[in-house]
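Chemist: Below you'll find the structure I mean.
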Amino acid sequence: MSIQTIEDTKVKTFPAKPAEIIAFTAKARRRFDPIAIAGKLASTLMPPVVVIALMLVVWQIACSSPTSSLPPPSQVWNEAYDLIAHPFFNNGPQDIGLAWRVLISLQRVAIGFGLAAIVGVALGALVGQSIWAMRGLDPVFQILRTVPPLAWLPLSLAAFRDSSPSALFVIFITSIWPIIINTAVGVRNIPQDYRNVARILRLNPLEFFIKIMVPAAAPYIFTGLRIGIGLSWLAIVAAEMLTGGVGIGFFIWDAWNSSRLPDIIVALAYIGITGFCLDRLVAAVGAFVTRGTTAK
Amino acid sequence: MTAYLKLDHIDKSFARGGQVSEVLKDIRLTIDKGEFVSIIGHSGCGKSTLLNLIAGLTTVSAGAVLLENKEVDSPGPERAVVFQNHSLLPWLTVYENINLAVSKVFGRSKSKAERHDWIMRNLDLVQMAHARDKRPAEISGGMKQRVGIARALAMEPKILLLDEPFGALDALTRAHLQDAVMDIHSRLGSTTIMITHDVDEAVLLSDRIVMMTNGPAATIGEVLAVPLARPRRRVELSSDRTFLLCREAVLKFLYERHRFVEAAE
């Protein structure tokens, strides 16, 4: 309604002032209006809730025949209720809640991804800063980054002769490439002015790295970290399926071997939500750290 | 007495893909301590290159830049530059930007409290102490340039190099900043070299104006002394005979004898 009036005034008459005033008061009123806030919240939350509900209904109908090979949501709810309702139960070494398993997997991701972040930013800085390092290393990186995570696993099992460092290595090697490549692009894009400032101040390489390079390239670095954490979460589940242990990936493999399909579905939901949270976490840290850097 | 800064037969050429282009040819200039010298010329005449040579950001092809009889071959805080686009680091506040310079230059010789006082004194000098905790994105273009000047001054440079410092500002802000620079120059007596393409600005601020011929192979065409007493006030000068004569001399050089030929770029 109000949009219509604005358009009308603009088209019909030459002073657009009354329309501007209307728009402004509407904006000011909205700020103190709890109904409007609730409405906005509903408009962002409602669509996904409706979609999920529809999906559950379709799934329920599709899988409700007795001959169906997959369980419907109602069966998942009934048979895996303890997994859904009690994420933190602990009944002995192999019988623990899914939240514990997720935490164990997250711990592996934290170590592997943390190492990848440190090494990746350092290597990316080198490649971005030195034309010769780029010429030498970039082709190697471009080839290695296309290798699927699990293809590294046999090699790392052979090298480390133990499953848990192998899983860490797979996470590391999966998530490091986007970190290297994005950091290198960010470093290459540091404005010449900042470099000149650093040269006039005679910053040594370490000071330049900490005070100019990392903050200037931070938006790019965090893009790389965000892609990297997503990849490492993909890799951990696959790696744990093969290496065993108590992570969420192994849980799925174990459930498959004992034909507990509802458990697998619950585990998938846990993995998805955790991955989503990880992505948002890195994005939020990035937004906090890089505040102000993108503005000129 | 030897000169404070001496540009001794400087040539500068850039090699690009087998082609060598000569930018500056046989630049000879001496500048005394405390002098304010402007370098003026059409765009593309290599005046920014000349400033970069003095700053040490690029190296000479032949000849030498001598500051107090020592050859300049790398950049350093004793030749602080105020860049045209301010070049403040956007992730640091105004205070932190200056602190970066001060802690690097005076990290050993001054205590923490002394460094703080020194930062605040330089911010006061450009009247920016009120914005110490703002980030560059939150202040206006003129204010950013003031902070840029404060950062350069805080290095306590032997020579202050201004690279078209007011080029990106509107006329009123520009006038304010010119007054600020004149005021700072009279208080500190800092030796200053300023690149500009604004004739009024050059005459108003400078003791001498160095006029560059057009490139390629640009050189110093003429050096004009501006015999105006300081302090100078822009309103009174606008009808001052000496001011007008100086202005006319620069204009004649730029638009009659060395007219800018578009193709020369």
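Chemist: Once every DSSP H run of n ≥ 4 in chain A is given -39500 (n - 2.57) and the sum is divided by its residues, what mean residue ellipticity at 222 nm do you get, rounded to the nearest 500 deg cm²/dmol? Please report the intermediate quantities before stating the final value.
Modeler: Values: 13 runs with 225 residues, N = 296.
The helix-only estimate for chain A comes to -25500 deg cm²/dmol at 222 nm.
Chemist: For peptide A:193-199, compute the average count of partner chain beta-carbon atoms within 10 Å of each residue's beta-carbon.
Modeler: Details: counts 8, 4, 2, 8, 11, 4, 7.
Neighbouring Cβ atoms belonging to other protein chains average 6 per residue here.
Chemist: Shifting gears a bit: Within chain B, what percent of beta bridges assigned by DSSP are antiparallel, to the nearest 5?
Modeler: Around 50 percent of the beta bridges assigned by DSSP in chain B are antiparallel ones.
Chemist: From the helices alone, meaning DSSP H stretches of at least four residues, give me the mean residue ellipticity at 222 nm for chain B, per-run term -39500 (n - 2.57), in deg cm²/dmol to the nearest 500. Don't skip to the end; give the middle numbers.
Modeler: Values: 8 runs with 91 residues, N = 265.
Rounded to the nearest 500, it is -10500 deg cm²/dmol.
Chemist: Sort out for me the Cα centre separation of the range A:74-123 from the range B:182-243, rounded to whole Å.
Modeler: 71
Chemist: Oh, and also: Name the shape class, rounded, prolate or oblate, that the alpha-carbon gyration tensor gives for the range B:38-144, where a ≥ b ≥ c are the square roots of its eigenvalues, rounded holds for a/c under 1.5, and otherwise prolate holds if a/b is larger than b/c and oblate otherwise. Walk me through the numbers before you get to the answer.
Modeler: Working: a/c = 2.69, a/b = 1.48, b/c = 1.82.
The shape class here is oblate.
Chemist: While we're looking at this one, here's another question. Please work out the C-alpha center-to-center distance from the range A:246-296 to the range A:165-228 and express it in whole Å.
Modeler: If we compute the Cα centre of each part, the gap is 25 Å.
Chemist: With a 10 Å cut-off between alpha carbons and a GNM built on chain B, which of B:Asp170, B:Asp32, B:Asp207 moves the most?
Modeler: Largest GNM mean-square fluctuation: B:Asp170.
Chemist: Let me know the mean shielding of A:201-211 by other chains, meaning the per-residue number of their Cβ atoms within 10 Å of its Cβ. Don't skip to the answer; put the middle values down first.
Modeler: Working: counts 12, 6, 2, 1, 0, 0, 2, 0, 0, 0, 6.
Averaged over the peptide's residues, the number is 3.
Chemist: Next question, about the same structure. Quick one: angle between helix B:112-125 and the longest Cα principal axis of chain B, in degrees between 0 and 90, rounded to 10, please.
Modeler: It works out to around 50 degrees.
Chemist: Have a look at the DSSP beta bridges in the protein assembly as shown and tell me what percent are antiparallel, nearest 5. Write down the numbers at each step before the final one.
Modeler: Numbers: 22 of 41 bridges.
Beta bridges within the protein assembly as shown, antiparallel portion: roughly 55 percent.
Chemist: Pull out a ≥ b ≥ c, the square roots of the eigenvalues of the alpha-carbon gyration tensor of the protein assembly as shown, then state rounded if a/c is under 1.5, prolate if not and a/b is larger than b/c, and oblate in the remaining case. Don't skip to the answer; put the middle values down first.
Modeler: Working: a/c = 2.90, a/b = 1.94, b/c = 1.50.
Since a/c reaches 1.5 and a/b is larger than b/c, the shape of the protein assembly as shown is classed as prolate.
Chemist: Sticking with this one: Could you tell me which trypsin sites (Lys or Arg not before Pro) in the range A:130-178 are loop residues by DSSP with no more than 13 other beta carbons within 10 angstrom of their beta carbon? Mind showing how you got there, number by number?
Modeler: Values: sites: A:Arg135, A:Arg145, A:Arg161; in loops: A:Arg145, A:Arg161.
Hits after loop and neighbour filter: A:Arg161.
Chemist: In the range B:185-265, what trypsin sites (Lys or Arg not before Pro) fall in a loop by DSSP, with at most 12 other Cβ atoms inside 10 Å?
Modeler: Those that pass, being in a loop and sparsely packed, are B:Arg233, B:Arg259.
Chemist: Regarding chain A, what whole-number volume in Å³ per residue does the convex hull of its Cα atoms give? Could the numbers behind the result be given before it?
Modeler: Working: hull volume 74.2 nm³, N = 296.
Cα convex hull per residue, to the nearest whole number: 251 Å³.
Chemist: Which of A:Lys211/B:Lys134; A:Lys211/B:Lys112; A:Lys211/B:Lys144; B:Lys6/B:Lys144 have a Cα-Cα distance over 23 Å?
Modeler: On the way: A:Lys211/B:Lys134 18 Å; A:Lys211/B:Lys112 19 Å; A:Lys211/B:Lys144 20 Å; B:Lys6/B:Lys144 31 Å.
Beyond 23 Å: B:Lys6/B:Lys144.
Where a number appears in this text, it was derived from the coordinates with a stated rule and is not lab data. The model shown is predicted, which means the values in this text are computed figures rather than measured ones. Counting neighbours? That spans all protein chains shown, and the Cβs are built from the backbone with ideal geometry, glycine included.
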